[in-house]
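As structure tokens, the structure follows; a few thoughts come after it.
The values are calculated or read from the model by the stated rules, or taken from the named source; none is laboratory data. Because the structure is predicted, anything quoted here is derived from the model rather than measured. Please note: Cβ atoms are built from the backbone with ideal geometry, for glycine as well, and neighbour counts cover all protein chains shown. Surface areas here come from the heavy atoms of the whole protein model, side chains and all, with no ligands, DNA or RNA. Shrake-Rupley method; radii C 1.70, N 1.55, O 1.52, S 1.80 Å.
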There are 2 protein chains.
Amino acid sequence: MKHNKMSILRLMILLLGISWSGFSQKDYKLWLQYNTLTNLDLKAKYLSHIKGITLLGNSETISIAGNELQSALEDMLEKKITVNTKLEVFQSIVIGSKTHLNAEIQKTVESDLNLINDEGFIIKSIVINNKSHIVITGKKEVGVLYGVYSFLRLIQTNKSIEKLNIADSPKTNIRILNHWDNLDRTVERGYAGFSLWNWQKLPDFIEQRYIDYARANASIGINGTVLTNVNANALILTPQYLEKVEALANVFRPYGIKVYLTARFSAPIEIGGLKTADPKDADVANWWKAKAKEIYVRIPDFGGFLVKANSEGQPGPQNYGRNHVDGANMLADAVAPFGGVIMWRAFVYSEHDANDRAKQAHAEFQPCDGKFRENVIVQVKNGAIDFQPREPFHPLFGAMTKTPLMMEFQITQEYLGFSTHLVFLPKLFQEVLESDTYQKGKGSTVTKVIDGSIYKNKITGIAGVANIGNDLNWTGHPFAQANWYGFGRLAWNPYLDSETIADEWLRCTFSNDKKFIAPIKEMLIQSREAVVNYMTPLGLHHIMDTGHHYGPGPWVSNLSRPEWNPVYYHKADKNGIGFDRSKSGTNAVSQYAPEVAVIFDKLETCPEKDLLWFHHVSWDYKLKDGHTLWDGMALKYQQGVNQVAAMQKTWNASEKYVDSERFKEVQMLLNIQYKEAKWWRDACLLYFQQFSGKELPIGVEKPSQSLEYFESLKFPFAPGN
Amino acid sequence: MKHNKMSILRLMILLLGISWSGFSQKDYKLWLQYNTLTNLDLKAKYLSHIKGITLLGNSETISIAGNELQSALEDMLEKKITVNTKLEVFQSIVIGSKTHLNAEIQKTVESDLNLINDEGFIIKSIVINNKSHIVITGKKEVGVLYGVYSFLRLIQTNKSIEKLNIADSPKTNIRILNHWDNLDRTVERGYAGFSLWNWQKLPDFIEQRYIDYARANASIGINGTVLTNVNANALILTPQYLEKVEALANVFRPYGIKVYLTARFSAPIEIGGLKTADPKDADVANWWKAKAKEIYVRIPDFGGFLVKANSEGQPGPQNYGRNHVDGANMLADAVAPFGGVIMWRAFVYSEHDANDRAKQAHAEFQPCDGKFRENVIVQVKNGAIDFQPREPFHPLFGAMTKTPLMMEFQITQEYLGFSTHLVFLPKLFQEVLESDTYQKGKGSTVTKVIDGSIYKNKITGIAGVANIGNDLNWTGHPFAQANWYGFGRLAWNPYLDSETIADEWLRCTFSNDKKFIAPIKEMLIQSREAVVNYMTPLGLHHIMDTGHHYGPGPWVSNLSRPEWNPVYYHKADKNGIGFDRSKSGTNAVSQYAPEVAVIFDKLETCPEKDLLWFHHVSWDYKLKDGHTLWDGMALKYQQGVNQVAAMQKTWNASEKYVDSERFKEVQMLLNIQYKEAKWWRDACLLYFQQFSGKELPIGVEKPSQSLEYFESLKFPFAPGN
């Protein structure tokens, strides 16, 4: 009878599913779809372990965890799940932090709790009074919340929940999104609509979206958010705005998420009425101290400041003849009494070092090693230029032994096709994280630098420049949600494999069907190499169009600063192409550990994927596969286009596993990606052909338009600029 | 057994309703919620008439109508509804346009079809071969679609579907939204996020939102949309953008919605390479002709152009010594061969007529009567200034006997509290529409002017400046959806009563429960008078803050043009307050018909609601209720605040009838409205008190802040500016 009812129900839900399609919002639900299990045996197994929920403790966080657990289980298992506050039922999921567990359970998980840190969790199958339960606990309540999401993910991904014995902790302290959101709600490099933060209606109107944002982040372990653009506006630090920030902090707090702000270095002048922002000026230091106090009165767990100083025209300590250490430490002293941190960005470049922009961050920051306050962490982009489709790892990683460095990844696809190209970024992130810096011998990977295991840093962190906007689907592209997800999972555990992440995300977001998972996972995994191929193969970089960065612009050469121009980076001429950063060039290679430098320095040992990053190479240079550089480059561009065509085929074959709305969305977007991949190929090859003077090799399609046509394209309202 | 299954289903749906709350999207579904009927008897009655759907014809429009009918009925009636293409079942809902009906049905509805126009519909209970059906038909397929929505509304509002015999047609030709959307997706006077039009991803990416937008509009009979801001950018007329416009037109077409664009008068210079935009220049005229042709090749049913010329700095024919007729007719000739229209706005003002801005539109346009081409319609704002909380009807209505005039309402609440104030605008619209112009004797209402019944105009229309953005709930405020809905309903039938509209909307959007409907409808109906009271009672106008128009600013007096300053409009001094537009003043009253002019002209006969619009009145003037003007004004401000407090109470009492998400949203917004109502009251009364020199009367709360405080408030990033 029961089974019968359920079948009717399933039928009717299916029906409702169809009938609601006009206003379907699967896209909005991200990886928290909580689809009903279609595998009935598995569902029965899960149900045999889950008769109810026992909630211990009554904080807001526990209540959130309980609601999430209950509603998700009800959706996935199609069964009403009761919630108790005492261990009254068999096979209960018991959730509560250590102090709220009864003595017997506490004893059972005592040794497990020693394995985790304050944000970690335990998920364990236990037997109490001969009755089996699953306990989800942690030292703090946020750990319980993370545990609940982790447990739900087991079911979402159809994993076993028998004999569970999981102890997991995040490997970094600060797992944070950087929103480059302006106060007018435009988003610098945002391709998913506009800022989530509706400043006009804050503090009194709390949008549902803030809550859903917090939920989504908590589900993947993100514990911090910088609300404002690094190109900062001082007004965010005025009471009018702090009141609004406070309201957001109150929403995010029970989800374990701290709020941070960007500090405009000249704020003491702009909103403080001072004549200077010199970090050595006592009035300036006191102004920041008072400002920090004012913030912490409102937001006791305020995270701290993220600062972009003396870069791309932003004010900073150098305006007053001071250096990064002076600036960062002054701010660090202001927030230190309250436990705040300063995330000081190493992304600096200026006209004083036009010989090689790639060298500047290392040149400015490495000598500062050991001079920063304890609550300063230097935030370093993954590569030395700027979030290109591929860059060698940044030479600062491992090069500062006494200063904690945090990773800055870009989740928003400024240089990787905006929100129209399907590119699975965890693959890029993993490549960077696994890179061996050799700075403390073999095995000194970037991961081990940023998780603090090499230099034993007290603070560790990973930042991701968010790809989130107010589009209905949050990220503009349904598959860009995977990059938000993947960033969070890697911030929690930077040793995770990107294939594992793809698998998890696809199952949570779409389907557990193997016939769907296998080809689509493969599509995700190769998607990053595809974009490298059709945009910047073989180590090419920074050849996009100017300002908006949309589409190819290798010909751009008229911008006032040399390092703004693509021609500065590719240096194509009759003799060849590429930026010579070897010893005979700018010697940027010397910023790496000797073991790495020697590999990059030599043409023969330099990995071909980084070839033109480090070397100016003759058009006739023979690549490992026997092709000349010109032919090889052209074939790479073609390969990128072919890969996108293959992605289209793969996706089209998945139609029956995906709801029609998302299926069509991705189909339309892949169509754009295919067009744009060809645009990149044709524009770049036509341009470079002027220098190589060579024909396109067999297998490379002829361009459909002239170089003049491509150069004439203008996009005055391209987003994110 | 059946009943039993349904009960289980209902229970489970309830359950799912709860569990999905984290990502609930009721807000997104507007008035198309299609809630399951809770009245079981009624449901049984409906089901006895609806055994299936018979679809006749196979156009996209009929397929859309069929899908909507099927899915909505399935949602509301919890029953699978089958769709056939032949009359095979009993009690079928038969949908199809006239030509697709079988001979027998055609005969049955023949006389009814004579009652409707091309966009109208018939809904009729018929008997064929002794079997009863309900036929929904029209002369064209779009009429069938309108009929389907109308039929669904009967069920949504729990009306009877026995013995139906409805013949309905729209009373105006052009029922159109004006989107003041810029190409960078900012929306001038937009308070619901940013533009729906994602130009970056068009034409290849069709957002689900475009489809849902079309659905929502079709459901209320809106048949046109101007995609771009009246402060226009010529780039929209370039091929790069026309390709995108074409894609939107393709989406909207099957929903009966035509696309229009704003034409920047100087476009021939900016994108055409011409030296002039003089409408008498042959090259200019030819350029527009070619441009029109280019557009119509892409979009054969393109609606035409909306033009703001020589107003607020926009270019126009006057730049070349020509007049509105020259400009409008030149454009009209360009679109005439393709059936396009020119909507030429009468909203003009310039420094040449600073004596009374209210007079300028009439002064410039009335003399042009009879000189416009047949495909020109002059678009007139409801009042002579600019969408204030209350204005007397515009004197142009009825004053042009040979020129069609269309109404321009503002749905977005530029001057009525943005998207944080609950104001039911159909009440305002109705007040304007019912105003008697007396231009062709008593009963010459504004409605009869714009529906063409007085002067027998060939083209008629109503435009509404949209309040739609990319917020999840479309309009920023859940109740602002009612203003979109109400605009559409009034555009279809300007004789509709606003109470009827409120009733319909509440039932479709929230609940049919009488205990909910009665108090909330009352709240809607009085909400417009509340905003007049706490912002601009007794005929005050244009005293908001500058630029963004957010909050009060009666003190503003430093703007370069006199008629930009609030002091120009209220003219408060020791002697009194108000703008003397009587014969002894600017004589603006003379622009009305004599019967109206005489009423407005005399202090004793002028309606008190318009008092300070037409008269400068002494602070001691005795109002009809015996209060002095000062006391009466202060009490009106207080009354407005009290009304909002009462709205809060009413809403709080409705909690059990509304989903928790929307309940809380409205609760938070009413809280803001209450704060801001007090802000308006306090700031305005403190300011005017400087002139009246009088104490606040008993019953008016003392201000909580000083005038200096209110004058110091700054909102640099207020939206829509």
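Quick notes
- Tensor-based shape of segment B:40-168 (alpha-carbon gyration tensor, a/c under 1.5 rounded, otherwise prolate or oblate): rounded
- GluC sites (Glu not before Pro) within segment B:349-428: DSSP coil, no more than 14 neighbouring Cβ in 10 Å: B:374
- Computed log10 I(q)/I(0) for the protein assembly as shown at 0.04, 0.06, 0.08 Å⁻¹: -0.27, -0.62, -1.13, from the Debye equation with unit scatterers placed on every C-alpha and solvent omitted.
- Copy-to-copy label separations for residue A:499, where each label sits 7 Å from Cα toward Cβ, in nm and ascending: 7.1
- Gyration tensor (alpha-carbon) shape descriptor, segment A:267-318, a/c threshold 1.5: oblate
- Heavy atoms of the protein chains alone define the surface here; on that basis segment A:324-371 has 31 Å² accessible area per residue at 1.4 Å probe size.
- Using just its DSSP H runs of length 4 or more, each adding -39500 (n - 2.57), chain A gives a mean residue ellipticity at 222 nm of -12000 deg cm²/dmol after division by all residues.
- The overall shape of segment B:421-563 is oblate: from the C-alpha gyration tensor, with semi-axes ordered a ≥ b ≥ c, the ratio a/c is 1.5 or greater and a/b is no larger than b/c.
- Peptide B:71-81 has a mean shielding of 3, counted as Cβ atoms of other protein chains within 10 Å of each residue's Cβ.
- Note on residue B:359: accessible area is roughly 40 Å² with a 1.4 Å probe, heavy atoms of protein only.
- Pseudo-label separations to other copies for residue A:656 - Cα-to-Cβ vector, 7 Å, nm: 5.0
- Position residue B:401: other-copy label points at 9.9 nm, ordered by increasing distance, label point 7 Å along Cα→C-beta.
- For the cross-link pairs A:714/B:458; A:80/B:80; B:571/B:702; A:381/A:609; B:258/B:456; B:458/B:609, the ones whose C-alpha atoms lie over 31 Å apart are A:714/B:458; B:458/B:609.
- Taking the 1.4 Å solvent-accessible surface of the protein assembly as shown as the whole, the part contributed by carbon and sulfur is 51%.
- GluC sites (Glu not before Pro) restricted to segment B:116-222 and DSSP loop, no more than 15 other C-beta within 10 Å: B:162
- Calculated from backbone phi, Karplus (6.51, -1.76, 1.60) coupling profile of segment A:707-712 in Hz, x at Gly/Pro: 4, 4, 4, 5, 5, 7
- Built amide H within the under 5 Å cut-off of residue A:126, gap 5+: A:133, A:134, A:135
- The GluC sites (Glu not before Pro) of segment A:620-701 that DSSP puts in a loop, and whose beta carbon has at most 15 other beta carbons within 10 Å, are A:695, A:701.
- Shielding by partners for peptide B:465-474, expressed as the average number of C-beta atoms from other protein chains within 10 Å of each residue's C-beta, is 2.
- Proximal lysines to residue B:656, defined as alpha-carbon separation beneath 21 angstrom and excluding residues fewer than eight positions away on the same chain: B:26, B:29, B:514, B:515, B:521, B:664
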